[in-house]
Amino acid sequence: MLPILLKTLPFFALIGTGYLAGRTRFFPPEGVAWLTKFVFFFALSAMLFRFAANLSLSEIFDLPFVLAYLAASSLLYALVMALSRLRGRSVEEAAMEAQCAQSGNTGFLGVPMLVVLLGPQAAGPVLMVLTVDMVVFSSLITLIITGARGGALGLHTVKALAMGWVKNPMVVSIVAGLIWSGAALPVPGPVNEYLAILGAAATPGALFAIGASLAGRGLTRLPDAVWLSFAKLVLHPALCAIAAFWLFPVDPVAAGVMVAAASLPVAGNVYILAQHYGVAPQRVSTAILISTAASILTVTTIIAWITG
């Protein structure tokens, strides 16, 4: 356990450094916004494209893997929604809480950290988890809230979802990389080196940005946020472990990466969705803060388990 903790600690120390910089206003909110934009549109996109372009489709897409992850995540989504409704929450709030419990920080934290900690073979499974989260569950929350508000689920909704995918640089980077790989085109040496240099900025930049963005968050709706953090950090990886190791024929290495990805804290983009729709932004914000702080123990424990 201690050797794994010592390996994960530098990643969380970078988050802590960003938090201190943001908390002391040495790094103002405007700086956080621009750093996040650089990581999102440039550094992380370069890393994702390079991973996808240098992997074959079979190394990324595996049907039993996708089915196992979808089954576990969908069950968690339904469970959290049902419990939220039993607690008297509206359909919109229940859906946002379910999104909070399911959607992990795979892009900014999982891709940079898990590939380093678990090796290059983790890249394909992590990309698959990221793709399913963005395409399936980010679309699901939009459909549920639109339906709950009495909106018609027509062509305009499909168009809005499609434009959301097209405007997401992570989706575009992965798809472009897979197309490049599928065409069996080698990545030219200078281009690959350029992508490697730019992509190398994703890890420190993303982790620092996570920490700095947490500095402005307060602790409100604490009981709800604690429950959602527990669902994300404990229930999600537990359900993924059951699905991947026992219910579906998933490769053990890929199954371990799936469980590690499921143990990541609540994704920051859930707060963006909560603000956009005006649904439970305070409890989502607090859940992000609590789950990120607690994930140093949960992620370390999960990685120690799957590597042991």
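The values are calculated or read from the model by the stated rules, or taken from the named source; none is laboratory data. All values derive from a computational prediction rather than experimental measurement. FYI the Cβ positions are ideal-geometry reconstructions off the backbone, even for glycines, and counts take in every protein chain you see.
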Does at least one position in the range 22-39 carry a residue that is among the aromatic types (Phe, Trp, Tyr) and closer than 15 Å to ALA201 by Cβ?
yes
Considering each of GLY218, GLY205, GLY199 in turn, give the residue that is under 26 Å from TYR19 (Cα atoms), modelled with pLDDT under 90, under 22 Å from the mean Cα position of the chain (by Cα) and of a type outside the set (A, V, I, L, M, F, W, C).
GLY218
Of the residues that make up the range 42-62, is at least one hydrophobic (A, V, I, L, M, F, W, C), exposed (fewer than 15 other Cβ atoms within 10 Å of the Cβ), out of contact with any strand residue (DSSP E or B) (no Cβ under 7 Å at 6 or more places or on another chain) and modelled with pLDDT of 90 or more?
no
Within the range 163-195, tally of residues that are within 15 Å of ALA52 (Cα to Cα) and loosely packed, with under 10 Cβ neighbours inside 10 Å:
3
Output for the range 67-114, where each listed residue is acidic (Asp, Glu) and not in a helix (DSSP H, G or I)
none
Can you pull out the residues in the range 257-274 that are in a helix (DSSP H, G or I), touching a Ser or Thr at 6+ places or on another chain (Cβ under 9 Å) and at pLDDT below 95?
ASN269, VAL270, TYR271, LEU273, ALA274
Within the range 269-308, considering residues that are under 20 Å from TYR19 (Cβ atoms) and among the hydroxyl-bearing types (Ser, Thr, Tyr), the one surrounded by the fewest Cβ atoms within 10 Å (Cβ to Cβ):
THR298
Which residue, of THR300, THR292, is farther than 25 Å from SER74 by Cβ and polar (S, T, N, Q)?
THR300
Cβ-Cβ under 9 Å pairs, at least 6 apart or on other chains, the range 214-232 side closer than 14 Å to ALA293 by Cα, far side assigned to a loop (DSSP other than H, G, I, E, B) and of a type in the set (Ser, Thr, Tyr)
ALA215/THR24; LYS232/SER103; LYS232/SER263
Can you tell me how many residues in the range 22-41 are surrounded by fewer than 19 Cβ atoms within 10 Å (Cβ to Cβ) and not small (Gly, Ala, Ser)?
11
Members of the range 63-111 that are among the small types (Gly, Ala, Ser) and crowded, with 20+ Cβ neighbours inside 10 Å
ALA68, ALA72, SER73, SER84, ALA94, ALA95, ALA98, ALA101, SER103, GLY104, GLY107, GLY110
